[in-house]
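Rule-based calculations on the coordinates, nothing more; no lab input. Remember, predicted model here, so these are calculated numbers, not experimental data. Here the Cβ is made from the backbone with ideal geometry for all residues, glycine too, and neighbour counts use every protein chain on show.
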Amino acid sequence: MNAASYTYVRLQGSNGDVWAAAPEFPVKVGDRVRVSLEMPMVNFHSASLKRDFPVLYFVTKITPADAPDAAPPPAPAAMHGAPAASPATLTRPMPAPAGGITIATLWADRKALAGKSVTIHGVVVKYNGGILGANWIHLQDGSGKAADGSNDITVTTADDVAVKPGDTILVSGTVALDKNIGAGYAYPVIVEHARVTPVTTAGS
């Protein structure tokens, strides 16, 4: 089934049937495919399909079983939601944006900032679009510590944004704490319902 730029397939394997969704691709009943079950979503509701899935795996791609071996899938995200394999980790600190704060300050003051609107900026180190009705962005500005995850913040937006790793963006959104979306994905602090303004694009 195709919906919202994704193809949903029911796969019959040695361990029973599973549902998976990947960016839209051609497939038909009876095809043999290969899939890495990267991101399980428990009790997922698809608004576009008007259907509930006890477990649905969102994956990067589903390939024919006889296709050449591809690169290994990315490692699962850590519990705090920091990217497991970023293209790069920003180490040169950026000053806080006008009227805003750094990502390290957001982590340090997260309890006081809960429910409030904040403005941050930084470099996109990871982007996942169209998951649970939102686009998910990992942002770094060179502040904070990689050891405890305070160098990275997850941002969600429903806006149709065209961003990619390496882009510098300005973000304004609402701070939420202890966000748990199931399947091991939990965020001590996250910026939700964000407005995203591109500043520079990768390579510019």
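Applying a threshold of 21 Å to the alpha-carbon distances of Lys116/Lys179; Lys50/Lys179; Lys50/Lys164; Lys111/Lys164; Lys28/Lys61 flags Lys50/Lys179; Lys50/Lys164; Lys111/Lys164 as lying beyond it. Ranking of Met41, Met94 by neighbouring Cβ atoms within 10 Å, starting from the fewest: Met94, Met41.
Of the trypsin sites (Lys or Arg not before Pro) found in segment 94-156, the ones in coil according to DSSP and having at most 15 other Cβ atoms within 10 Å of their Cβ are Lys116, Lys145. Ranking of Ile190, Ile153 by neighbouring Cβ atoms within 10 Å, starting from the fewest: Ile190, Ile153. Each principal axis of the Cα cloud of segment 2-64 was evaluated for its coordinate range; sorted largest first, these ranges are 28, 24, 19 Å. From the square roots a ≥ b ≥ c of the eigenvalues of the alpha-carbon gyration tensor of segment 103-200, which class results: rounded (a/c under 1.5), prolate (a/b over b/c), or oblate? It is rounded, given that a/c, with a ≥ b ≥ c, falls under 1.5. Among His121, His45, the order by Cβ neighbours within 10 angstrom, fewest to most, reads His45, His121.
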